[in-house]
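The values are calculated or read from the model by the stated rules, or taken from the named source; none is laboratory data. For clarity, every value in this text was computed on a predicted model and none was experimentally measured. Methodologically, a virtual Cβ is constructed for each residue, glycine included, from the backbone with ideal geometry; neighbour enumeration extends over all protein chains shown. Just the protein is used for accessible areas: all its heavy atoms, side chains included, with ligands, DNA and RNA removed. Shrake-Rupley method; radii C 1.70, N 1.55, O 1.52, S 1.80 Å.
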Amino acid sequence: MRWDKLRTFYYVAKFGSFTKAAQHLCVAQPAISRQVSDLEHRIGHPLFKRLPKGLVLTEQGQLLFQSAEKMCALSELALTQIENDQIEPHGDLRIGANVGHVDTWLYTVIPDFLKRYPTINLSILSKDGHLDVESLGIHVALQPFRHDQTDLVQNLLTRWSRRLYASREYLEQYGLPKTVEDLAHHRLIAFGSEPIHLFDNIDWHLKLSSNNKTIQKPYLCVNSIRSLFHLGNQGFGIISFSQESILLKDSNLIEVLPEIAGPNFDIYFTYPVQLKGIKKIQVLEDYLQSYVKEHHRKYVSPPFESKAGLATAHSSLLEKSNAA
């Protein structure tokens, strides 16, 4: 049995589509269909049920897919091990991460990595929800710990701590909240109830004014971390945001109720256990861990250095709030 036909069958079964398999393998769709038909003729059984909604494996197809999957995994491992023997790490490296993580952090980290390792061809997949490295065809996933994935190496990479922020313009117009109860009279911006984010209690600040008894109706909802930042920065309301984010550095945001700590969100560097020891994955993890140690800390520099700084801004706003 020819390996190329078995490999083609594997990707058609994996994607459940001739078209998607053809796109992945960069082969014309008629050639994909012909190879699968030849394989079915060779075996003497149909491998797929052609249904209106797509392809479904037959009993014989399921048996063949199980074997093909193992063979493809071993083939991929052999290729990566051969690449690993090279002096310089190189080749394709595919990373998956949450959309918000890519938009607010990873994009600032990757450029220097590529300068250090120019022979690595990097691809980044941003996706909301959990990341399945096998089905997505990625080598590394930056995500919360997966208790349901025992075949993954999962090393803690970073911890993000949520705090409350608002722009100076907003606080000048609506006043500085001095207690959590004051938040009931403020415009809170939330992520929303859509179940696409990876973290529990992402809208924790909506419960503060009632001591976690009820949920305050948000002034505005947007299911994008970067959009939350921009809306807060432009004075639309109070947001929950990670205190370690580099976006705060040049922003117009001031921390409010700094004594109130929000939830912590942990991100792990995860990859299949069979890829342990692969050099290009090792250098990526080492680089990210080193970057986190050097740069990942609470941003405390004043947003308005040219004016009075964060401490003066807090003081003047507090005086204004007291006077009101």
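Please determine, by comparing only the residues of segment 170-225 that are at pLDDT below 90 and part of a helix (DSSP H, G or I), which one is surrounded by the most Cβ atoms within 10 Å (Cβ to Cβ).
The extreme case among them is Ile225.
Pairs under 8 Å by beta carbon, first residue closer than 26 Å to Phe265 by Cβ and in contact (Cβ under 8 Å) with a residue 12 or more places away in the chain in segment 162-179, partner of a type in the set (Lys, Arg) and open to solvent by 20 Å² or more (accessible area, probe 1.4 Å), six or more apart or different chains?
Pairs found: Tyr170/Arg187.
Condition test on Phe229, is it touching a helix residue (DSSP H, G or I) at 6+ places or on another chain (Cβ under 7 Å) and aromatic (Phe, Trp, Tyr)?
Values: touching a helix residue (DSSP H, G or I) at 6+ places or on another chain (Cβ under 7 Å): yes; aromatic (Phe, Trp, Tyr): yes.
Taking the combined requirement at face value, the residue satisfies it.
Which of the residues that make up segment 25-55 are in contact (Cβ under 8 Å) with a residue 40 or more places away in the chain and open to solvent by 90 Å² or more (accessible area, probe 1.4 Å)?
To start, the set of residues in segment 25-55 that are in contact (Cβ under 8 Å) with a residue 40 or more places away in the chain comprises 42, 55.
Listed by number, the list holds a single entry, Arg42.
Look through Arg94, Arg34 and report the one residue that is at pLDDT 90 or above, closer than 26 Å to Asp4 by Cβ and in contact with a strand residue (DSSP E or B) (Cβ under 7 Å, 6 or more places away or on another chain). Explain how you work it out, then say what you get.
Details: Arg34 fails: in contact with a strand residue (DSSP E or B) (Cβ under 7 Å, 6 or more places away or on another chain).
Result: Arg94 is the single residue among Arg94, Arg34 that is at pLDDT 90 or above, closer than 26 Å to Asp4 by Cβ and in contact with a strand residue (DSSP E or B) (Cβ under 7 Å, 6 or more places away or on another chain).
Say we look at segment 134-169 and pick out the residues that are hydroxyl-bearing (Ser, Thr, Tyr) and either open to solvent by less than 50 Å² (accessible area, probe 1.4 Å) or part of a loop (DSSP other than H, G, I, E, B) (or both); which of these is nearest to Glu244 (Cα to Cα)? Walk me through how you get there before you give the answer.
Looking only at segment 134-169, we keep the residues that are hydroxyl-bearing (Ser, Thr, Tyr), and these are 135, 150, 158, 161, 165, 167.
Filter once more, keeping what is either open to solvent by less than 50 Å² (accessible area, probe 1.4 Å) or part of a loop (DSSP other than H, G, I, E, B) (or both): 150, 158, 161, 165, 167.
On the way: Thr150: 30, Thr158: 10, Ser161: 7, Tyr165: 13, Ser167: 17 Å.
Across segment 134-169, the extreme among qualifying residues is Ser161.
Of (1) under 30 Å from Pro258 (Cα atoms); (2) exposed (fewer than 13 other Cβ atoms within 10 Å of the Cβ); (3) without any contact (Cβ under 8 Å) to a residue 40 or more places away in the chain, Tyr107 satisfies all except one. Which?
Going through (1) under 30 Å from Pro258 (Cα atoms); (2) exposed (fewer than 13 other Cβ atoms within 10 Å of the Cβ); (3) without any contact (Cβ under 8 Å) to a residue 40 or more places away in the chain one by one, Tyr107 breaks only (2).
Regarding Ser33, is this residue among the hydroxyl-bearing types (Ser, Thr, Tyr), assigned to a helix (DSSP H, G or I) and more than 26 Å from His139 (Cα to Cα)?
Working: among the hydroxyl-bearing types (Ser, Thr, Tyr): yes; assigned to a helix (DSSP H, G or I): yes; more than 26 Å from His139 (Cα to Cα): yes.
Here the answer is yes, as Ser33 does meet what is asked.
Return the total of residues in segment 228-265 being part of a strand (DSSP E or B) and open to solvent by 40 Å² or more (accessible area, probe 1.4 Å).
Taking segment 228-265 first, the residues part of a strand (DSSP E or B) are 238-242, 253-256, 264-265.
Pick out the ones that are also open to solvent by 40 Å² or more (accessible area, probe 1.4 Å) and you get 264.
Residues flagged as part of a strand (DSSP E or B) and open to solvent by 40 Å² or more (accessible area, probe 1.4 Å) within segment 228-265 amount to 1.
For segment 40-54, which positions are of a type in the set (A, V, I, L, M, F, W, C) and at pLDDT below 90?
Taking segment 40-54 and keeping what is of a type in the set (A, V, I, L, M, F, W, C), we get 43, 47-48, 51.
Scanning segment 40-54 gives Ile43, Leu51.
Any idea how many residues of segment 223-233 are within 19 Å of Leu183 (Cα to Cα) and either free of Cβ contacts under 8 Å to residues at least 40 places away in the same chain or not hydrophobic (A, V, I, L, M, F, W, C) (or both)? Spell out the reasoning first.
First, the residues of segment 223-233 that are within 19 Å of Leu183 (Cα to Cα): 228-229, 231-233.
Narrowing further to those that are either free of Cβ contacts under 8 Å to residues at least 40 places away in the same chain or not hydrophobic (A, V, I, L, M, F, W, C) (or both): 228, 232-233.
Matching residues across segment 223-233 total 3.
Somewhere in segment 113-124, is a residue farther than 27 Å from Arg2 by Cα, open to solvent by less than 20 Å² (accessible area, probe 1.4 Å) and part of a helix (DSSP H, G or I)?
So the first thing to find is which residues in segment 113-124 are farther than 27 Å from Arg2 by Cα, and the list is 113-124.
Those still in the list that are open to solvent by less than 20 Å² (accessible area, probe 1.4 Å) too: 113, 120.
Narrowing further to those that are part of a helix (DSSP H, G or I): 113.
Taking every residue of segment 113-124 in turn, at least one turns out to be farther than 27 Å from Arg2 by Cα, open to solvent by less than 20 Å² (accessible area, probe 1.4 Å) and part of a helix (DSSP H, G or I).
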